[in-house]
Amino acid sequence: MYIIQIASECAPVIKAGGLGDVVYGLSRELETKGHCVEIILPKYDCMRYDHIWGLHDAYLNLSVPWYGAAVHCSVYCGWVHGRLCFFIEPHCEDNFFNRGCYYGCNDDTMRFAFFSKAALEFLQQSNKRPDVIHCHDWQTGLIPVMLYEIYKYHGMGNQRVCYTIHNFKHQGVAGVEILWATGLNREEYYFQYDRLRDNFNPFALNFMKGGINYSNAITTVSPHHAWEVHCGDLGAGLGHTLHLQQDKFSGVLNGIDLDFWNPESDRYIPYHYTKEDVSGKLQNKKALRERLLLQHNDKPLIAYIGRLDQQKGVHLVHHAIYYALHKGAQFVLLGSATEPGINSWFWHEKNFLNNNPDCHLELGFNEELSHLIYAGADMIIVPSNYEPCGLTQMIGLKYGTVPIVRGVGGLVNTVFDRDYDQNKPPEERNGYVFYQSDFQALESTMDRALGLWFDYHDEFQKLIKQSMEYDYSWNHPSDRYIEIYDFIRHK
Ligand code: ADP
């Protein structure tokens, strides 16, 4: 099959979170299974150019219709760790992707509407006719809309779209100008509830809703989250829309790319180890302490890696730091906050804890350091308010770093409580789970995990091995995507 992924991220060249990992990891696995995969991305000024091999111009005269005129674009092409990627660079005053950031601009909806339009123009003008276009998140929600309403009539009638939603919170809500910019026009037609009209704001259009209504298949990133957004209250207003489209909606658990996340071969950690011999983990813990100037002692080390925002349960992350220190553990946090209030809160904590030899808060994005933390920590905490899939617990499991998680979304599908899980035999349990989003639940679960570490060393080692047994690679999820692609292709 010929598959084109269109997304706003692809790790490690463009990565703000799990989306980047998924686009890269799934593409790699699909190629390993014999499919042809290409990836279309914006050409941001701030992406990691050092991860692109052989970047060269591929299509210099892409003319993208925009507001009734045209924007001239160049398309570059290069290999990101073996994946063939196309990067679209517009030449216009708006400088859509030269902002020193991936997201967070006032005109984000316009930026990604343009990217979606340009990606389709690129396919059309360069005569690329994939069997399946796989789009991701709100940034590409308009692609199936434009494909069906415009490009179908320009030689792209056979292309099918699979649309994956990684986070329902961000939907891309914009005004009518989007229609005039992209050439969709026909205001009255698109302002219908079964097309793009937002379910809450009658004067707004919703990219993600368009993606849901117009795609041939819709997925979200874990089976439990699919249930939460469809039957629970986590669909951020799109539950009813999903209900109407439930025949094409399912949850497919994300995987992790074992070429990148593997303690046996990880290029960023000094000591490799396997589930048969985990002694290297202790050496990595020493290396991590040296790097972060933490005290060497016989305390357990708990880590948090992830964005610092409400989704991730920042109040519990904050509490976990002090509770860990109080209980005689060390704590390492690697995270970045885009919201100014949360950012200054954690900078304050960082300064406050600066001289504490058992704690380090690293505020910012640091891929290399994250690998060393996964390898060196004993436990990783994921106390999310909601979590569509969550990669940190899966990476933690692969590195024998016992996850302590809140039982929501994909965390329910991947972490099984050592003491209480009723559905797994004791030898298949792999971490700790709590359900309430409060301090007591967090504390009692941390107590159980720390208790095992302090008092039952052999049992803790056994739990590490059990967690490393889990295969959360892309092998199974990619088969599921292939089934979906096949299904929509022949429908
Ligand atoms: P989300 O996509 O909601 O941000 P996920 O758990 O799905 O969360 O994916 C997070 C990915 O981003 C993981 O690969 C994690 O290691 C990485 N990550 C998150 N924050 C940072 C950071 N500050 N530095 C390095 N890597 C990070």
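Of Gly20, Gly78, Gly25, which residue is surrounded by 13 or more Cβ atoms within 10 Å (Cβ to Cβ), within 15 Å of the ligand (Cβ to nearest atom) and more than 28 Å from Glu339 (Cα to Cα)?
Gly25
What do you reckon, is Val412 more than 14 Å from the ligand (Cβ to nearest atom), within 22 Å of the chain's Cα centre (by Cα), assigned by TED's automatic domain parsing to the domain that holds Leu288 and among the aliphatic types (A, V, I, L, M)?
Answer is yes for this residue.
Somewhere in the range 333-353, is a residue at pLDDT 95 or above, within 13 Å of the ligand (Cβ to nearest atom), in a helix (DSSP H, G or I) and under 18 Å from the mean Cα position of the chain (by Cα)?
Checking the range 333-353: not a single residue is at pLDDT 95 or above, within 13 Å of the ligand (Cβ to nearest atom), in a helix (DSSP H, G or I) and under 18 Å from the mean Cα position of the chain (by Cα).
Within the range 329-344, is even one residue of a type in the set (Gly, Ala, Ser) and within 14 Å of Leu294 (Cβ to Cβ)?
yes
Could you check the range 276-309 and list, in sequence order, the residues that are more than 26 Å from the chain's Cα centre (by Cα), in a loop (DSSP other than H, G, I, E, B) and buried (at least 16 other Cβ atoms within 10 Å of the Cβ)?
Selection gives Val278, Leu294, Lys299, Pro300.
Among the residues of the range 435-457, what is the count of those that are under 21 Å from Met468 (Cα atoms) and free of Cβ contacts under 8 Å to residues at least 40 places away in the same chain? Show your work before the answer.
Narrowing the range 435-457 to residues under 21 Å from Met468 (Cα atoms): 445-446, 448-454, 456-457.
Filter again for free of Cβ contacts under 8 Å to residues at least 40 places away in the same chain, leaving 448, 451-452, 456-457.
Of the residues in the range 435-457, 5 are under 21 Å from Met468 (Cα atoms) and free of Cβ contacts under 8 Å to residues at least 40 places away in the same chain.
Just one of (1) surrounded by fewer than 24 Cβ atoms within 10 Å (Cβ to Cβ); (2) within 12 Å of the ligand (Cβ to nearest atom); (3) of a type outside the set (A, V, I, L, M, F, W, C) trips up Asp378, so point out which.
Result: Asp378 fails condition (2) only.
Hey, could you check the range 298-319 for residues that are more than 16 Å from the ligand (Cβ to nearest atom) and either touching a residue at least 60 places away in the same chain (Cβ under 8 Å) or among the basic types (Lys, Arg) (or both) and say which is farthest from His457 (Cα to Cα)?
Filtering the range 298-319 for residues that are more than 16 Å from the ligand (Cβ to nearest atom) and either touching a residue at least 60 places away in the same chain (Cβ under 8 Å) or among the basic types (Lys, Arg) (or both), the one farthest from His457 (Cα to Cα) comes out as His319.
From Asp45, Asp94, Asp57, which residue is of a type outside the set (Val, Ile, Thr), assigned to a strand (DSSP E or B) and either in contact with a helix residue (DSSP H, G or I) (Cβ under 8 Å, 6 or more places away or on another chain) or touching a residue at least 12 places away in the same chain (Cβ under 8 Å) (or both)?
Asp57
Among the numbered criteria (1) away from the ligand (no atom under 13 Å from the Cβ); (2) buried (at least 24 other Cβ atoms within 10 Å of the Cβ), which one does Arg429 miss?
(2)
The values are calculated or read from the model by the stated rules, or taken from the named source; none is laboratory data. All of these numbers come straight from a predicted model, not from anything done at the bench. Glycine also receives a Cβ, built like all others from the backbone with ideal geometry; neighbour counts cover every protein chain displayed.
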